[in-house]
Amino acid sequence: MLSDVAEVIELTRDVGESSDDARDLLSRADAVINLRYDLDAEAIAAMDDVQVIARYGIGVDNVDTEAAAERAIPVTNVPTYCLEEVATHALALVLALGREVVRYDRSVSDGGWDRSVGAPVHRFSTRTVGVVGYGAIGREVGTRAAALGADVLASDPFLGEADVADDPATLVTFDELLERADFVTVHSPLTEGTRGMIDADAFARMKDSAYLVNVARGPIVDRDALVDALESEAIAGAGLDVFPDEPPTADDPLRGHDRVVTTPHVAWYSEEANEERRRTVARIVARVLTGGDPYNVVNGVE
């Protein structure tokens, strides 16, 4: 899609973030397409001719958007490519935890055949799902959970009652959601305000029978506080698609924990979503390099 408008050079994973090779490529680039590379202020300062930074995803927490704005470089994302996938994955983790699917699987694989290893399991229509961060993905999660009969609570500091009037969720405070929900599922962006938001105090407010699900960003959850909550049985378990450091180290206590269900940051993934995000960033870059305006701009640069 870009071959007619630009030479495409791949910055391979073995090029270090502060290497001369990386800075040289960035200094010669007219556009940057980014996934996991850390585009901090130093990296952006090397961009002499860059007209757009396009990220292959929704979150832009690994791009210094303010530094880009100061250099009049628009930063774009792909805000809707995996709404269905992430919402479905979050619900899959909720159901896997609530139905004790993994615990039963491990028991059968080890030769067992015993209902009690997963007990107690409750009817989903008697459960309450709390959605932290009620944006596009959070709404999809709420709709799916409600369709299966659960009560849905939502917490989002940027929304009022009128914003959820047509939704199946009841808007409550963050603290009330923690206290009432049987499943707390996190869908907030990673910002300085949300970093470590699910901390020891949050776990203390949750029911000891409740589960945490995080398919958003790892650092939103305080890992040490989560480990303590699991070990002290302050909560029943967790479903994690994201970690503060990825991949987690071999000795990470959450890896292989008998009350934690984990997946390798794949909530976004389907073949269709993968193609959509790639085509979208290519369209944005091609549009800019041929004189058009970017879209999906997240840092306010016209």
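Consider residue 291 against the criteria (1) in contact with a strand residue (DSSP E or B) (Cβ under 9 Å, 6 or more places away or on another chain); (2) modelled with pLDDT of 95 or more; (3) not charged (D, E, K, R): it satisfies all of them except one. Which criterion is unmet?
With (1) in contact with a strand residue (DSSP E or B) (Cβ under 9 Å, 6 or more places away or on another chain); (2) modelled with pLDDT of 95 or more; (3) not charged (D, E, K, R) applied to residue 291, the lone miss is (1).
Given the options 286, 238, 282, name the one that is among the small types (Gly, Ala, Ser), at pLDDT 95 or above and in contact with a helix residue (DSSP H, G or I) (Cβ under 8 Å, 6 or more places away or on another chain).
Numbers: 286 fails: in contact with a helix residue (DSSP H, G or I) (Cβ under 8 Å, 6 or more places away or on another chain); 282 fails: in contact with a helix residue (DSSP H, G or I) (Cβ under 8 Å, 6 or more places away or on another chain).
On inspection, the qualifying residue turns out to be 238.
In the same structural domain as residue 110 (by TED's automatic domain parsing), of a type in the set (D, E, K, R) and out of contact with any Asp or Glu (no Cβ under 6 Å at 6 or more places or on another chain): does that describe residue 246?
Yes, satisfied.
Given the conditions (1) part of a loop (DSSP other than H, G, I, E, B); (2) within 30 Å of residue 211 (Cα to Cα); (3) hydrophobic (A, V, I, L, M, F, W, C), report the number of the one that residue 50 does not fulfil.
The one condition residue 50 does not meet is (2).
Answer with yes or no whether residue 39 is buried (at least 16 other Cβ atoms within 10 Å of the Cβ) and touching a helix residue (DSSP H, G or I) at 6+ places or on another chain (Cβ under 7 Å).
On the way: buried (at least 16 other Cβ atoms within 10 Å of the Cβ): yes; touching a helix residue (DSSP H, G or I) at 6+ places or on another chain (Cβ under 7 Å): no.
No.
Run down 150, 162 and say which single residue is at pLDDT 95 or above, under 22 Å from residue 238 (Cα atoms) and of a type in the set (A, V, I, L, M). Write out each step before concluding.
Working: 162 fails: under 22 Å from residue 238 (Cα atoms).
Going through 150, 162 in turn, just one is at pLDDT 95 or above, under 22 Å from residue 238 (Cα atoms) and of a type in the set (A, V, I, L, M): 150.
Answer with yes or no whether residue 97 is under 17 Å from residue 207 (Cα atoms), assigned to a helix (DSSP H, G or I) and in contact (Cβ under 8 Å) with a residue 40 or more places away in the chain.
Answer is yes for this residue.
Does any residue of the range 12-27 turn out to be in a loop (DSSP other than H, G, I, E, B), under 24 Å from residue 219 (Cβ atoms), under 28 Å from the mean Cα position of the chain (by Cα) and basic (Lys, Arg)?
yes
How many residues does the range 43-88 contain that are of a type in the set (Phe, Trp, Tyr) and buried (at least 20 other Cβ atoms within 10 Å of the Cβ)? Break it down stepwise before answering.
First pass over the range 43-88, keeping only residues of a type in the set (Phe, Trp, Tyr): 56, 81.
Keeping just the survivors that are buried (at least 20 other Cβ atoms within 10 Å of the Cβ) gives 81.
The total comes to 1.
Would you confirm, using the coordinates I've provided, whether residue 209 is surrounded by fewer than 23 Cβ atoms within 10 Å (Cβ to Cβ) and under 21 Å from residue 123 (Cβ atoms)?
Details: surrounded by fewer than 23 Cβ atoms within 10 Å (Cβ to Cβ): yes; under 21 Å from residue 123 (Cβ atoms): yes.
The answer is yes for residue 209.
Could you give every pair whose Cβ atoms fall below 6 Å, whose first residue belongs to the range 264-284 and is surrounded by 15 or more Cβ atoms within 10 Å (Cβ to Cβ), and whose second residue is in a helix (DSSP H, G or I), counting only separations of at least 6 or pairs across chains?
Matching pairs, first to second residue: 267/86; 267/89; 268/85; 268/86; 270/85; 273/85.
Considering only residues that are within 15 Å of residue 12 (Cα to Cα) and among the aliphatic types (A, V, I, L, M), look in the range 30-43 and name the one that is nearest to the chain's Cα centre (by Cα). Can you show your working first?
Let us first name the residues in the range 30-43 that are within 15 Å of residue 12 (Cα to Cα), namely 32-39.
Now narrow it down to the ones that are among the aliphatic types (A, V, I, L, M): 32-33, 35, 39.
Working: 32: 22, 33: 19, 35: 14, 39: 19 Å.
If we take residues in the range 30-43 being within 15 Å of residue 12 (Cα to Cα) and among the aliphatic types (A, V, I, L, M), then 35 is nearest to the chain's Cα centre (by Cα).
Report, by residue number, each residue of the range 198-230 that is of a type in the set (Gly, Ala, Ser), outside any helix (DSSP H, G or I) and over 12 Å from the mean Cα position of the chain (by Cα). Break it down into steps so the answer makes sense when it comes.
Quick first cut of the range 198-230, residues of a type in the set (Gly, Ala, Ser) only: 200, 202, 204, 209-210, 216, 218, 225, 229.
Next cut, outside any helix (DSSP H, G or I) only: 209-210, 216.
If the condition is that a residue be of a type in the set (Gly, Ala, Ser), outside any helix (DSSP H, G or I) and over 12 Å from the mean Cα position of the chain (by Cα), then 209, 210 are the ones that fit.
Every residue, every condition in (1) in a helix (DSSP H, G or I); (2) within 25 Å of residue 61 (Cβ to Cβ); (3) out of contact with any helix residue (DSSP H, G or I) (no Cβ under 9 Å at 6 or more places or on another chain), yes or no:
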site	(1), (2), (3)
103	yes, no, no
111	no, no, yes
153	no, no, no
184	no, yes, no
196	no, yes, no
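Residues 150, 154, 146, 162: which one is farther than 26 Å from residue 196 by Cβ, crowded, with 20+ Cβ neighbours inside 10 Å and not β-branched (Val, Ile, Thr)? If you could, list the steps in order and put the result at the bottom.
Working: 154 fails: farther than 26 Å from residue 196 by Cβ; 146 fails: crowded, with 20+ Cβ neighbours inside 10 Å; 162 fails: crowded, with 20+ Cβ neighbours inside 10 Å.
Matching residue, one of 150, 154, 146, 162: 150.
Before we move on, is residue 255 outside any loop (DSSP other than H, G, I, E, B) and either among the charged types (D, E, K, R) or touching a helix residue (DSSP H, G or I) at 6+ places or on another chain (Cβ under 8 Å) (or both)? Break it down stepwise before answering.
Numbers: outside any loop (DSSP other than H, G, I, E, B): no; either among the charged types (D, E, K, R) or touching a helix residue (DSSP H, G or I) at 6+ places or on another chain (Cβ under 8 Å) (or both): yes.
Considered against the rule, which asks whether it is outside any loop (DSSP other than H, G, I, E, B) and either among the charged types (D, E, K, R) or touching a helix residue (DSSP H, G or I) at 6+ places or on another chain (Cβ under 8 Å) (or both), residue 255 comes out as no.
The values are calculated or read from the model by the stated rules, or taken from the named source; none is laboratory data. If you're wondering where the values come from, they're calculated on a predicted model, not measured in any experiment. Note that we place each Cβ from the backbone using ideal geometry, even for glycine, and neighbour counts take in every protein chain shown.
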